Amino acid sequence: MAEYEIVIKNETSDDKKSPIAGDKAKSKALGVKALVAYNHYIKPFVNKVATQYVSTISLRTGAQELEDKMSFALQTAQKVGGIVGSITVGAAVGNLPGAIIVGLMSVTTTALDYYNKQSKLDMERRVENVSLRYMNMRAGGSVASFSGSRMKSQ
């Protein structure tokens, strides 16, 4: 008859991770749950209140430029919050390199969006300046002020 022997050895040392979930794993899971709950329930409510407040600035005060600036600031804060939230969730679930890559891609995409918007604004400004110059010339203001003809005849 053959003999079989079953040996159980404890080869874990103090510096290795325990196979049993401890307090750190529980607190990490609780933190991830809290972050997901914040993103799902609290963040949309806060965004709606802030968006409503910002979108009515010009109606309440008549300051359209202030509303535009506040709207830009709110959109920037929302994007930064989304990027930080994504990195935090990725790091919390144990995928820090992936979270950093996603964060870098988000920052790059946001920077490209801002660059495109700025280029469009610059182009619109140049077109508006040309249009204003032509309207001024048709009104007779540009020729007289640049040629000095008004000063000669008076």
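The values are calculated or read from the model by the stated rules, or taken from the named source; none is laboratory data. In this text, all values refer to a predicted model and were calculated from it rather than measured experimentally. Please note: Cβ atoms are built from the backbone with ideal geometry, for glycine as well, and neighbour counts cover all protein chains shown. Ligands, DNA and RNA are excluded from the accessible area calculation, which covers all protein heavy atoms including side chains. Shrake-Rupley method; radii C 1.70, N 1.55, O 1.52, S 1.80 Å.
Some values worked out for this structure:
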read-out	value
Subset of segment 1-36 [at pLDDT 70 or above, of a type in the set (A, V, I, L, M, F, W, C) and open to solvent by 100 Å² or more (accessible area, probe 1.4 Å)]	Ile6, Ile8, Leu30
Qualifying residue in segment 76-83 (condition: open to solvent by less than 60 Å² (accessible area, probe 1.4 Å) and either in contact with a Gly (Cβ under 9 Å, 6 or more places away or on another chain) or at positive phi (or both))	yes
Any pair with Cβ under 8 angstrom, 6 or more apart, that starts in segment 26-54 at a residue that is more than 30 Å from Leu96 (Cβ to Cβ) and ends at one that is open to solvent by 50 Å² or more (accessible area, probe 1.4 Å) and of a type in the set (A, V, I, L, M)	Val54/Met70
Residue tally, condition more than 18 Å from the chain's Cα centre (by Cα) and hydroxyl-bearing (Ser, Thr, Tyr), over segment 50-76	5
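Every residue, every condition in (1) open to solvent by less than 60 Å² (accessible area, probe 1.4 Å); (2) in contact with a Leu (Cβ under 8 Å, 6 or more places away or on another chain); (3) part of a helix (DSSP H, G or I); (4) over 16 Å from Gly85 (Cβ atoms), yes or no:
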| position | (1), (2), (3), (4) |
| --- | --- |
| Gly98 | yes, no, yes, no |
| Val102 | no, no, yes, no |
| Met105 | no, no, yes, no |
| Thr110 | yes, no, yes, no |
| Tyr114 | no, no, yes, yes |
| Ser119 | yes, no, yes, yes |
| Val127 | no, no, yes, yes |
| Met137 | no, no, yes, yes |
